[in-house]
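The block underneath contains the structure these notes are about, expressed in structure tokens.
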Amino acid sequence: AGQDINFDNETFTGAELTAVFGGIKCDLRKAKITKDVVINAEAIFGSVEILVPDDVKIKIKSTPIFGGTSNIVNNNV
């Protein structure tokens, strides 16, 4: 099972995302991001995908256990 979350034309102030045996796709490409925000994401036998606008800088802190973390730039998503 999975969940798609979209923040179209909404002000985004941060999020807590937890995926257990499934996936979460959080699309922020059309969100209003006016200041630094924090997204805490956990994936346990699942995945979390976060899509951001091109002009947003990303800093990742991660402790992967039986999984991984990546920062992929793909404008065609």
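The values are calculated or read from the model by the stated rules, or taken from the named source; none is laboratory data. Fair warning: this is a prediction, and the values are worked out from it, not measured in the lab. When we count neighbours, we look across all protein chains shown, and the Cβ atoms used for this are built from the backbone with ideal geometry, even at glycine. To get the accessible areas, we keep the full protein, side chains included, count just its heavy atoms, and leave off ligands, DNA and RNA. Shrake-Rupley method; radii C 1.70, N 1.55, O 1.52, S 1.80 Å.
Structure values in brief
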| read-out | value |
| --- | --- |
| Of Ile33, Ile44, Gly22, farthest towards positive along the dipole that unit charges on Lys, Arg, Asp, Glu beta carbons give the chain | Ile33 |
| Radius, Kirkwood style, for the chain when every pair of distinct Cα atoms is counted (Å) | 13.2 |
| Cα centroid of region 1-19 to Cα centroid of region 52-74, whole Å | 15 |
| Cβ-based net charge around Gly22, under 13 Å, with every Lys or Arg adding one and every Asp or Glu removing one | -2 |
| Extension gain, Lys32 back to Ile5 (0.36 nm per residue minus Cα-Cα distance, nm) | 8.3 nm |
| Sum of side-chain charges, Gln3 neighbourhood, beta-carbon under 12 Å (Lys, Arg +1; Asp, Glu -1) | -2 |
| Whole-percent carbon and sulfur share, accessible surface of the chain, 1.4 Å | 48 |
| Heavy-atom accessible area per residue - the chain, 1.4 Å, Å² | 81 |
| Assigned charges on the beta-carbon of Lys, Arg, Asp, Glu; the chain dipole about Cα centre (debye) | 200 |
